[in-house]
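Notes for the one structure printed next.
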Amino acid sequence: MTTKPLVQRLDDIANRTGVPGLVLHPPRRRPLRGLAVVSFALGTAGMAMACIKPGWLWIGEMVLMACFLLSIWLPLKGPIKPWMSVNERVDERDAEIRDKAYLTLLPIILIVALLGLCGIPAIAWLQQRSAPETVALGGFGAIYLLTLWNTIPTLHASWQDEPADEEDDED
(Lines give C-alpha, C1' and ligand atoms only; values in the text may rest on other atoms or scores of the structure.)
Protein backbone atom coordinates (compact mmCIF):
# COMPACT_ATOMS: atom_id res chain seq x y z
CA MET A 1 0.00 0.00 0.00
CA THR A 2 1.41 3.37 -1.00
CA THR A 3 0.86 6.39 1.12
CA LYS A 4 -0.02 9.74 -0.31
CA PRO A 5 2.27 12.68 0.23
CA LEU A 6 1.24 15.18 2.89
CA VAL A 7 0.29 17.82 0.32
CA GLN A 8 -2.07 15.40 -1.46
CA ARG A 9 -3.71 14.39 1.84
CA LEU A 10 -4.22 18.06 2.74
CA ASP A 11 -5.74 18.69 -0.71
CA ASP A 12 -8.13 15.78 -0.18
CA ILE A 13 -9.20 17.18 3.19
CA ALA A 14 -9.77 20.61 1.65
CA ASN A 15 -11.79 19.13 -1.21
CA ARG A 16 -14.06 17.34 1.28
CA THR A 17 -15.06 20.69 2.80
CA GLY A 18 -16.52 21.85 -0.53
CA VAL A 19 -14.80 25.24 -0.40
CA PRO A 20 -12.66 24.69 -3.53
CA GLY A 21 -15.86 23.94 -5.46
CA LEU A 22 -17.27 27.32 -4.50
CA VAL A 23 -14.55 29.21 -6.35
CA LEU A 24 -15.03 27.32 -9.61
CA HIS A 25 -18.16 29.30 -10.45
CA PRO A 26 -18.89 32.98 -9.84
CA PRO A 27 -21.26 33.54 -6.91
CA ARG A 28 -24.90 34.10 -7.62
CA ARG A 29 -25.53 37.74 -6.76
CA ARG A 30 -28.90 38.57 -5.23
CA PRO A 31 -30.47 41.24 -3.01
CA LEU A 32 -30.01 40.43 0.67
CA ARG A 33 -32.38 42.93 2.26
CA GLY A 34 -33.45 40.76 5.17
CA LEU A 35 -29.99 39.67 6.24
CA ALA A 36 -28.68 43.23 5.89
CA VAL A 37 -31.52 44.66 8.00
CA VAL A 38 -31.10 41.98 10.68
CA SER A 39 -27.34 42.52 10.79
CA PHE A 40 -27.72 46.31 11.00
CA ALA A 41 -30.40 46.10 13.71
CA LEU A 42 -28.48 43.55 15.80
CA GLY A 43 -25.27 45.56 15.49
CA THR A 44 -26.95 48.74 16.60
CA ALA A 45 -28.69 46.95 19.47
CA GLY A 46 -25.44 45.30 20.58
CA MET A 47 -23.53 48.57 20.53
CA ALA A 48 -26.33 50.32 22.41
CA MET A 49 -26.42 47.56 25.06
CA ALA A 50 -22.66 47.80 25.56
CA CYS A 51 -22.88 51.59 25.97
CA ILE A 52 -26.04 51.95 28.06
CA LYS A 53 -25.28 49.87 31.13
CA PRO A 54 -21.86 48.65 32.35
CA GLY A 55 -23.30 45.26 33.34
CA TRP A 56 -24.47 44.65 29.78
CA LEU A 57 -21.04 45.20 28.23
CA TRP A 58 -20.32 41.56 27.41
CA ILE A 59 -23.90 40.78 26.37
CA GLY A 60 -23.70 43.68 23.94
CA GLU A 61 -20.36 42.37 22.72
CA MET A 62 -21.83 38.92 22.01
CA VAL A 63 -24.72 40.44 20.06
CA LEU A 64 -22.33 42.72 18.16
CA MET A 65 -20.05 39.82 17.24
CA ALA A 66 -23.01 37.72 16.10
CA CYS A 67 -24.16 40.51 13.78
CA PHE A 68 -20.61 41.01 12.52
CA LEU A 69 -20.41 37.33 11.61
CA LEU A 70 -23.74 37.68 9.78
CA SER A 71 -22.52 40.75 7.94
CA ILE A 72 -19.48 38.94 6.57
CA TRP A 73 -21.74 37.05 4.16
CA LEU A 74 -23.17 40.22 2.66
CA PRO A 75 -20.24 41.20 0.41
CA LEU A 76 -19.74 37.56 -0.59
CA LYS A 77 -23.27 36.85 -1.79
CA GLY A 78 -24.88 40.30 -2.04
CA PRO A 79 -25.67 42.36 -5.12
CA ILE A 80 -22.38 44.31 -5.21
CA LYS A 81 -19.62 42.76 -7.28
CA PRO A 82 -16.16 43.15 -5.78
CA TRP A 83 -13.33 45.26 -7.12
CA MET A 84 -10.60 43.43 -9.03
CA SER A 85 -12.80 40.41 -9.69
CA VAL A 86 -11.32 37.75 -11.95
CA ASN A 87 -14.37 35.46 -12.09
CA GLU A 88 -17.07 38.11 -12.41
CA ARG A 89 -17.44 40.61 -15.20
CA VAL A 90 -18.16 44.09 -13.90
CA ASP A 91 -19.97 46.32 -16.38
CA GLU A 92 -20.95 49.99 -16.12
CA ARG A 93 -24.21 49.22 -14.31
CA ASP A 94 -22.41 47.14 -11.66
CA ALA A 95 -19.80 49.85 -11.20
CA GLU A 96 -22.53 52.48 -10.82
CA ILE A 97 -24.37 50.39 -8.23
CA ARG A 98 -21.14 49.88 -6.30
CA ASP A 99 -20.20 53.58 -6.50
CA LYS A 100 -23.60 54.76 -5.25
CA ALA A 101 -23.64 52.22 -2.44
CA TYR A 102 -20.21 53.18 -1.13
CA LEU A 103 -20.85 56.91 -1.56
CA THR A 104 -23.92 56.42 0.61
CA LEU A 105 -21.85 54.52 3.16
CA LEU A 106 -18.97 56.94 3.62
CA PRO A 107 -20.91 59.86 5.20
CA ILE A 108 -22.66 57.40 7.53
CA ILE A 109 -19.32 55.92 8.61
CA LEU A 110 -17.95 59.44 9.15
CA ILE A 111 -20.88 60.48 11.34
CA VAL A 112 -20.84 57.25 13.38
CA ALA A 113 -17.05 57.48 13.83
CA LEU A 114 -17.31 61.08 15.04
CA LEU A 115 -20.11 60.17 17.43
CA GLY A 116 -18.00 57.26 18.70
CA LEU A 117 -14.89 59.38 19.16
CA CYS A 118 -16.82 61.89 21.24
CA GLY A 119 -19.50 59.64 22.70
CA ILE A 120 -17.53 56.68 24.01
CA PRO A 121 -15.20 58.74 26.24
CA ALA A 122 -18.20 60.79 27.41
CA ILE A 123 -20.17 57.65 28.27
CA ALA A 124 -17.17 56.17 30.05
CA TRP A 125 -16.68 59.33 32.08
CA LEU A 126 -20.37 59.76 32.95
CA GLN A 127 -20.78 56.12 33.97
CA GLN A 128 -17.35 56.06 35.68
CA ARG A 129 -16.21 53.01 33.77
CA SER A 130 -12.76 51.53 34.22
CA ALA A 131 -10.02 51.96 31.65
CA PRO A 132 -10.29 48.36 30.34
CA GLU A 133 -14.03 48.78 29.80
CA THR A 134 -13.42 52.03 27.94
CA VAL A 135 -10.84 50.35 25.70
CA ALA A 136 -13.29 47.49 25.11
CA LEU A 137 -15.98 50.01 24.11
CA GLY A 138 -13.55 51.52 21.61
CA GLY A 139 -12.94 48.06 20.14
CA PHE A 140 -16.67 47.43 19.96
CA GLY A 141 -17.00 50.72 18.09
CA ALA A 142 -14.45 49.51 15.55
CA ILE A 143 -16.34 46.24 15.10
CA TYR A 144 -19.55 48.23 14.65
CA LEU A 145 -17.90 50.33 11.93
CA LEU A 146 -16.81 47.16 10.15
CA THR A 147 -20.36 45.85 10.40
CA LEU A 148 -21.64 49.06 8.84
CA TRP A 149 -19.01 48.71 6.09
CA ASN A 150 -20.43 45.29 5.21
CA THR A 151 -24.11 46.05 5.75
CA ILE A 152 -24.96 49.49 4.37
CA PRO A 153 -23.67 49.08 0.78
CA THR A 154 -25.50 45.76 0.47
CA LEU A 155 -28.64 47.28 1.94
CA HIS A 156 -28.45 50.29 -0.40
CA ALA A 157 -27.83 48.15 -3.49
CA SER A 158 -30.55 45.68 -2.49
CA TRP A 159 -33.15 48.43 -2.16
CA GLN A 160 -32.15 49.91 -5.53
CA ASP A 161 -32.32 46.56 -7.32
CA GLU A 162 -35.62 45.23 -8.62
CA PRO A 163 -36.72 41.86 -7.24
CA ALA A 164 -35.74 38.95 -9.47
CA ASP A 165 -38.41 37.20 -11.51
CA GLU A 166 -39.27 33.61 -10.67
CA GLU A 167 -37.97 32.47 -14.06
CA ASP A 168 -34.52 33.91 -13.29
CA ASP A 169 -34.22 31.79 -10.14
CA GLU A 170 -34.37 28.51 -12.11
CA ASP A 171 -31.00 29.06 -13.84
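The values are calculated or read from the model by the stated rules, or taken from the named source; none is laboratory data. All of these numbers come straight from a predicted model, not from anything done at the bench. A quick note on method: Cβ atoms are made from the backbone with ideal geometry, for glycine too, and the neighbour counts reach across all protein chains shown. Quick note on the areas: whole protein, heavy atoms, side chains included, nothing else; ligands and nucleic acids left out. Shrake-Rupley method; radii C 1.70, N 1.55, O 1.52, S 1.80 Å.
Order these peptides, 98-105, 47-54, by their mean beta-carbon neighbour count within 10 angstrom, highest first.
On the way: 98-105: 15.6, 47-54: 18.5.
Packing order, densest peptide first, comes out as 47-54, 98-105.
Have a look at Thr17, Gly55, Ala131 and report the one farthest towards the positive end of the charge dipole of the stretch 1-153, computed about the Cα centre with Cβ charges (Lys/Arg +1, Asp/Glu -1).
Value: Thr17.
Which label marks the calculated value of Rg and Dmax of the Cα atoms in Å, given the options [x] 20.5, 71; [y] 15.7, 43; [z] 24.0, 80?
[x]
Hey, got the dipole for the chain? About the Cα centre, +1 on K and R Cβ, -1 on D and E Cβ, debye to the nearest 20?
My answer is approximately 900 debye.
Counting only protein heavy atoms and using a 1.4 Å probe, what share of the accessible area of the stretch 31-84 belongs to carbon plus sulfur, as a whole percent?
It is 83 percent, rounded to a whole number.
Restricting to DSSP loop positions (anything but H, G, I, E, B) with no more than 12 other Cβ atoms inside 10 Å of their own Cβ, which trypsin sites (Lys or Arg not before Pro) remain in the stretch 6-63?
Passing both the DSSP loop test and the Cβ count: Arg28.
Let a ≥ b ≥ c be the square roots of the eigenvalues of the Cα gyration tensor of the stretch 1-62; is it rounded (a/c under 1.5), or, if not, prolate (a/b larger than b/c) or oblate?
oblate
How many angstrom lie between the Cα centre of the stretch 102-161 and the Cα centre of the stretch 1-52?
24
With the crude spin-label approximation of a point 7 Å out along Cα→Cβ, what separation in nm comes out for Leu146 versus Leu114?
About 2.5 nm separates the two model spin labels.
Once both axes come from the Cα atoms, what is the angle between helix 92-126 and the longest principal axis of the chain, in degrees from 0 to 90, rounded to 10?
Helix 92-126 sits at roughly 30 degrees to that axis.
For helix 57-71, report the angle its Cα long axis makes with the longest principal axis of the Cα atoms of the chain; keep it between 0 and 90° and round to the nearest 10°.
Between the helix axis and the principal axis of the chain, the angle is about 30 degrees.
Rolling a 1.4 angstrom probe over the protein heavy atoms, how many square angstrom per residue are accessible across the chain?
I get 67 Å² per residue for the chain.
In degrees between 0 and 90, to the nearest 10, how far off the longest principal axis of the chain does helix 6-17 point, with axes built from Cα atoms?
80
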